[in-house]
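The values are calculated or read from the model by the stated rules, or taken from the named source; none is laboratory data. This is a predicted model, so every value here is computed, not measured. Using ideal geometry, Cβ is built from the backbone for each residue, glycine included, and neighbour counts are taken over all protein chains shown. When the accessible area is computed, the model is the full protein with side chains, heavy atoms only, and any ligands, DNA or RNA have been set aside. Shrake-Rupley method; radii C 1.70, N 1.55, O 1.52, S 1.80 Å.
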Amino acid sequence: MLKCKAVWQKLAPLARDSSTLCRQNMKRTVLKCGCRPTLVPRAQMSSKIPGGENMAYYILVGGTFLGAGYYAYKTLSGDKRRYEERITEMSSRSSPLSGEQPMTFLQPELKEEAEPSEEPEAQIVEEGAAVESEAPVLEGGEPQEQTAEGAAAAEEEGAAPPGPEEPTAPSETVELTETQAPAAEDSAADPLGPEPVAAEPVVAEPSATEPVAAEPLAAESPAAEAVAALPEIPAHAPYLLIGGGTASFAAARSIRARDPGARVLIVTEEPDLPYMRPPLSKELWFSDDPTATETLRFKQWNGKERSIYFQPPSFYVSPQDLPKVENGGVAVLTSKKVVHMDVRGNKVRLDDNTEISYDKCLIATGGIPRNMQVIERAGEEVRKKVTLFRRISDFKSLEKIAREVKSITIIGGGFLGSELACALGRKSNESGLEVVQMFPEKGNMGKVLPEYLSNWTTEKVKREGVNVITDALVKNVSFKDDRVEIKLKDGRMVTTDHIVAAVGLEPSVELAKSAGLEVDADFGGFRVNAELQARSNIWVAGDAACFYDIRLGRRRVEHHDHAVVSGRLAGENMTGANKPYWHQSMFWSDLGPDVGYEAIGIVDSSLPTVGVFAKATAKDTPRAATEISGTGIRSESETEAVASGVMPINPTVPLAPQQGDDYGKGVIFYLRDKVVVGIILWNVFNRMPIARKIIKDGEEHADLNEVAKLFNIHED
């Protein structure tokens with residue numbers, strides 16, 4: 001308003017001169033031509049009132065000037081009053097250490113026509129004596145300290161009080177922060193995120209007449225710590241991965257490979273860093289190291305030692321340092337659960353009400369072990385005697401129980417149940433532990449293997465020292481005399497000290513409701529397209545993904561290799577690859593170091609099968625397979641392998657199996673409409689690329705014995 005008034009004062013004389021000049025020129029023209037110009041009647045003016053146009057003009061201009069003047073007066077007088085009250089308040093305060101000495105405060109260099117705004121100044125003063133003793137380095141290069149009296153004197157000498165349009169206190173706060181924490185900026189060069197270094201405040205030199213404040217007060221100031229500290233949980237993550245399993249780690253590694261500067265945050269409910277689950281039911285139980293339960297280091301079948309964790313802690317960046325790391329990194333936020341997703345706002349809420357926004361998000365929540373209704377209804381005493389095996393904590397708990405009790409019963413005849421039965425059965429030979437396995441099928445892995453091979457597998461498990469009970473339907477579970485009684489529908493009764501329920505996995509889809517994501521009614525899990533995408537910026541991988549297989553249709557897979565493959569593909573697509581799921585993931589199971597199999601595609605015992613077997617040799621075992629591949633997780637070597645164009649063919653014609661044969665090694669084909677949709681390699685290893693190519697081709701085969709030649713199962 002003041003600027004408008006100044007401009008008007010400059011333009012008004014010019015307007016008056018111009019008006020006078022116009023009137024003079026008009027008179028000359030009239031006198032010269034002897035005629036008068038036609039005047040417009042006042043009644044035709046817009047005001048419709050004679051003379052009204054001048055009166056309206058005067059009223060409008062006058063009202064404008066009066067309003068502007070009143071506003072300017074109120075603004076200037078209010079600013080001056082607040083400024084004087086603030087100076088008086090700070091001058092009247094006494095120092096907390098000296099009692100009589102007025103408090104000093106930070107005052108930046110005064111600029112012309114500039115005044116610090118009220119709120120930032122109040123914030124600086126109220127932060128405490130420690131901040132008041134600090135002096136930021138100003139443009140002149142020297143710390144500046146000024147008392148209230150000095151500020152008042154400077155104002156009297158002509159330094160105009162600054163206006164509200166140009167506050168200087170916020171810039172002072174920024175300079176203070178930068179001065180206090182140079183080490184935090186330097187640490188950004190380390191991609192692994194070094195430990196945060198406490199900032200050292202810059203303290204002004206005390207004058208000879210002022211008392212010296214105690215140094216610990218400034219160093220221990222909460223305000224100084226708040227300036228240097230970063231939030232424990234970052235408010236934003238460009239790549240947010242929900243779940244800390246194999247799929248999330250594979251996605252993080254894929255994202256970093258395609259975007260080296262990416263910042264990836266993994267949020268997991270578990271207290272552990274990402275780890276592989278297969279050794280929990282396999283190699284860890286066969287370790288001779290008594291400390292393996294704590295160290296989680298195990299020997300593979302080939303004797304090589306490794307850790308269950310994918311990477312050591314030094315590989316990861318702390319969540320607190322993730323936003324400032326120069327070259328990006330992967331951070332893991334443990335023991336936190338995502339309970340709500342806002343897909344429109346691109347943010348999630350944790351169980352502690354903390355919110356994290358994201359640019360792109362992966363849901364890899366996996367699943368939770370399925371429990372039996374008869375156990376859930378049995379009461380608290382029974383539930384205390386039941387283990388749902390899934391996590392590291394479950395392995396440690398069950399390993400301790402196996403050393404303390406006399407009997408353990410495993411309910412379930414699938415992959416997990418059969419693996420744990422063999423593992424505990426092997427330990428029972430040493431400790432005298434009774435191991436019972438029961439399931440409703442006719443043999444172990446009866447839902448996967450053809451009947452003849454399922455029966456053979458059951459005999460193998462029995463030889464490991466396990467009491468296998470087939471066709472077992474649990475009717476009731478009760479607690480009596482500190483033991484658990486399991487009553488079957490056919491009247492049989494089993495008394496045990498502890499139960500391991502291995503009856504399947506429920507995909508974790510709790511976020512579907514808040515996120516508005518579709519859950520597949522047939523297979524369960526989040527329904528995604530061939531690119532594993534559920535929404536425009538949300539992907540799903542691992543056990544929780546119900547994806548569209550371009551060869552086999554809609555599926556959901558619960559195995560380690562699928563978590564690796566789908567996690568890697570989701571990570572690539574999160575960085576813009578837009579690749580469909582085409583890689584057929586494999587899975588494997590080992591019944592100890594001597595018997596194992598690898599499978600791919602749809603392996604369902606209800607489908608027609610054709611099996612071709614041969615006699616096994618010493619190299620046809622999981623132990624020998626790991627010696628060749630160099631890894632206990634066989635999918636790590638199989639995933640990248642590709643079948644070559646020329647397959648070696650053995651001239652020996654394999655024969656179909658006969659009941660009672662010793663199925664040393666072989667190939668089982670699963671058919672749908674005469675097309676191979678699944679293959680199991682029984683004690684045949686390092687041939688998965690061939691099986692993958694057969695399923696990918698999707699052709700009908702008149703003689704599968706000829707196809708079996710590609711696997712060289714008769715090769716010595």
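Remarks
- Residue-wise HN-Hα coupling along region 538-549, computed from phi with Karplus coefficients 6.51, -1.76, 1.60 (Hz; x: Gly, Pro): 10, 10, 9, 9, x, 4, 7, 9, 9, 10, 9, 7
- A simple spin-label model places the labels of Trp582 and Arg349 4.3 nm from each other, with each point 7 Å out along Cα-to-Cβ.
- FRET efficiency for Ser431 and Asp272, using Cβ-Cβ distance with R0 set to 30 Å, rounded to 0.05: 0.60
- For region 547-590: relative contact order, % (alpha-carbon pairs under 8 angstrom, 6 or more apart): 45
- Positive contributions from Lys and Arg (+1) and negative ones from Asp and Glu (-1), summed over other residues with Cβ under 15 Å from the Cβ of Phe526, come out at -2.
- Per atom type, region 480-609 shows carbon and sulfur on 44% of its accessible surface, probed at 1.4 Å.
- Other residues within the sphere of radius under 10 Å centred on the Cβ of Lys475, judged by their own Cβ, net out at +2 (K and R +1, D and E -1).
- Gain upon complete extension [Asn705, Ser514; 0.36 nm per residue less C-alpha separation]: 63.6 nm
- More than 25 Å apart - percent of Cα-Cα pairs taken over region 269-420: 47
- Neighbour-limited loop hits for trypsin sites (Lys or Arg not before Pro), region 340-382 (at most 14 other Cβ within 10 Å; DSSP other than H, G, I, E, B): Arg344, Arg370, Arg377
- The GluC sites (Glu not before Pro) of region 405-440 include none that meets both criteria, a DSSP state outside H, G, I, E and B (loop) and at most 16 other C-beta atoms within 10 angstrom of the site's C-beta.
- Sequence-distant residues sharing a close amide H with Leu362 (under 5 Å, placed H): Leu240, Leu241, Ile242, Trp539
- A simple rule links phi to the HN-Hα coupling: the Karplus curve 6.51 cos²θ - 1.76 cosθ + 1.60 with θ = phi - 60°, which for region 381-397 gives 4, 6, 4, 5, 9, 10, 10, 9, 7, 7, 10, 4, 4, 5, 5, 4, 5 Hz, with x for Gly and Pro.
- Amide H contacts of Asp549: Arg554, Arg555, each under 5 Å away and 5 or more positions distant or on a separate chain (H built 1.01 Å from N in the peptide plane; Pro and chain starts excluded).
- Lys, Arg +1 and Asp, Glu -1 on Cβ, resulting dipole of region 325-429 about Cα centre, debye, nearest 20: 440
- Trypsin sites (Lys or Arg not before Pro) restricted to region 460-533 and DSSP loop, no more than 14 other C-beta within 10 Å: Lys489, Arg492
- Nonlocal amide H pairs with His340, under 5 Å, H built at 1.01 Å: Arg349
- Beta bridges from DSSP with both residues in region 232-386: antiparallel share about 40 percent, rounded to the nearest 5.
- Cα centroid separation - region 667-682 against region 324-354, whole Å: 42
- If you plug the beta carbon distance of Val339 and Asn537 into 1/(1 + (r/R0)^6) with R0 = 22 Å, you get a FRET efficiency near 0.65.
- Heavy-atom surface analysis with a 1.4 Å probe gives region 255-357 a carbon and sulfur content of 44 percent of its accessible area.
- Residue by residue, region 580-591 carries 3J(HN,Hα) couplings of x, 6, 10, 6, 6, 6, 10, 9, 9, 8, 10, 9 Hz when phi is fed to the Karplus relation 6.51 cos²θ - 1.76 cosθ + 1.60 (θ = phi - 60°); x denotes Gly or Pro.
- Pairs from the table (Lys396/Lys442; Lys442/Lys462; Lys385/Lys427) lying more than 24 angstrom apart at Cα are Lys396/Lys442.
- Pairs of Cα atoms nearer than 8 Å and 6+ residues apart set the relative contact order; for region 243-335 it is 39 percent.
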